[in-house]
Amino acid sequence: MIEVVFRYDPSAPPEVPPGSAAEAKEVLERGNQRFARLADLDVQAGERVVLPMDLRDFGVGDAMGAAPRQEPFAAVLGCADARVPIEIVFEQGCNDLFVVRVAGNVVGSECLGSLSYASHHFPSLKLILVLGHLHCGAVTAAVDSYLQPAMYLPLATNYPLQSIVNRILPAVRTAALALRRVHGLGVLSNPGYRAALVETSVVMNAAWAAYSLKHEVADREGGIEVVFAVYDLVSRYARLPLEVDPAVGSDRGLFKPPEDQAGFDELGGRVAGGAFVRSLLRG
Ligand SMILES: [Zn+2]
């Protein structure tokens, strides 16, 4: 048995929120590492994990009867996928994160408006994170319509789905070019090409969204940084999937998006040429 306990200690001093983007990034990275290690716990030994929680953020305790003030230290744009619950994978509580979730973590005008609102109204906000994830269904749909244009036909009459896929297609094209650049034209007949294209596209899609938020939201506000990462459903780490085994640790964490086309080419090359994608290409 493993117990995960939320503990509220009214005598504990209120937690000091991260005062800078670097601190906010560190808090999220540390939280994700604790979460990912849950699987290392010994079920037989009956281990217990205690997560401190401040009930004042729920309007309990000395704040009883008054709505707590909204004070997130980070905003997250994530996929709607049920396997990626944002607060849980970063071990954060109520009032810590301003979360926007949409299939494929694409930047549409409503998402942009929500994140722009957060960056204007919450002085506590220091960081914006775009979190893609491996095995993403929305990215897979975009990859399939890229590889077999006939699959795009049903989307012609399905505008809502089409608008999601359309926003992902540039990342798929960038990923396809990166795979071809690194492995040559022969990569197209590789048994694992589709899987490699999906996961490379996941990275490029998250990086594109982060780049766009940096220019559309963060740069206008000043003091807010934008980072991106890809959540690995198997290891539970937020990472840049370069290594086959995330236990290596060198590709874990949150990353700054590229600054220009050359940076995107470099990122695509690193992912397409990394051990993780090479292992997928082998099928
Ligand atoms: Zn997804």
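The values are calculated or read from the model by the stated rules, or taken from the named source; none is laboratory data. All values derive from a computational prediction rather than experimental measurement. As a convention, Cβ positions derive from the backbone with ideal geometry for all residues, glycine included, and neighbour counts pool all protein chains shown.
Give me the residue from region 239-252 that is in contact with a Lys or Arg (Cβ under 7 Å, 6 or more places away or on another chain) and not charged (D, E, K, R) and, out of that set, surrounded by the fewest Cβ atoms within 10 Å (Cβ to Cβ).
Among residues in region 239-252 that are in contact with a Lys or Arg (Cβ under 7 Å, 6 or more places away or on another chain) and not charged (D, E, K, R), the one surrounded by the fewest Cβ atoms within 10 Å (Cβ to Cβ) is LEU242.
Quick test for you: out of VAL198, VAL143, VAL226, VAL203, pick the one residue that is among the β-branched types (Val, Ile, Thr), crowded, with 21+ Cβ neighbours inside 10 Å and not in a helix (DSSP H, G or I).
VAL226 is the lone residue from the list that is among the β-branched types (Val, Ile, Thr), crowded, with 21+ Cβ neighbours inside 10 Å and not in a helix (DSSP H, G or I).
Could you tell me whether HIS120 is surrounded by fewer than 18 Cβ atoms within 10 Å (Cβ to Cβ) and away from the ligand (no atom under 16 Å from the Cβ)? Spell out how you get there, then give the answer.
Numbers: surrounded by fewer than 18 Cβ atoms within 10 Å (Cβ to Cβ): yes; away from the ligand (no atom under 16 Å from the Cβ): yes.
Criteria met by HIS120.
Just checking, does region 68-86 include any residue being in contact with a strand residue (DSSP E or B) (Cβ under 9 Å, 6 or more places away or on another chain) and assigned to a helix (DSSP H, G or I)?
Yes, because at least one residue in region 68-86 is in contact with a strand residue (DSSP E or B) (Cβ under 9 Å, 6 or more places away or on another chain) and assigned to a helix (DSSP H, G or I).
Checking LYS214 against (1) within 27 Å of ARG34 (Cβ to Cβ); (2) surrounded by 20 or more Cβ atoms within 10 Å (Cβ to Cβ); (3) of a type in the set (Lys, Arg), only one condition comes out false. Which one?
Looking at each condition in turn, LYS214 falls short on (1).
With the requirement that a residue be surrounded by fewer than 18 Cβ atoms within 10 Å (Cβ to Cβ) and away from the ligand (no atom under 14 Å from the Cβ), what does region 68-92 give you?
Residues satisfying the conditions are PRO68, ARG69, GLN70, GLU71, GLU87, ILE88.
How many of the residues in region 93-116 are closer than 23 Å to ALA142 by Cβ, assigned to a helix (DSSP H, G or I) and either touching a helix residue (DSSP H, G or I) at 6+ places or on another chain (Cβ under 8 Å) or within 16 Å of the ligand (Cβ to nearest atom) (or both)?
The number of residues fulfilling the criteria is 6.
Before we move on, is ALA45 under 16 Å from the mean Cα position of the chain (by Cα), exposed (fewer than 12 other Cβ atoms within 10 Å of the Cβ) and among the aliphatic types (A, V, I, L, M)?
Spelling it out, it is not the case that ALA45 is under 16 Å from the mean Cα position of the chain (by Cα), exposed (fewer than 12 other Cβ atoms within 10 Å of the Cβ) and among the aliphatic types (A, V, I, L, M).
Could you count how many residues in region 262-283 are modelled with pLDDT under 95 and outside any loop (DSSP other than H, G, I, E, B)?
The number of residues fulfilling the criteria is 0.
List pairs: first residue in region 72-96 and more than 25 Å from TRP208 (Cβ to Cβ), second residue away from the ligand (no atom under 16 Å from the Cβ) and among the basic types (Lys, Arg) anywhere in the structure, Cβ distance under 7 angstrom, at least six positions apart or on different chains.
Listed by first residue and then by second, the contacts come to GLU91/ARG34.
Given ALA156, ALA103, which one is closer than 30 Å to GLY253 by Cβ and either at pLDDT below 90 or small (Gly, Ala, Ser) (or both)?
ALA103
Can you pull out the residues in region 58-97 that are under 14 Å from GLY132 (Cα atoms) and of a type in the set (D, E, K, R)?
Across region 58-97, the qualifying residues are ASP81, ARG83.
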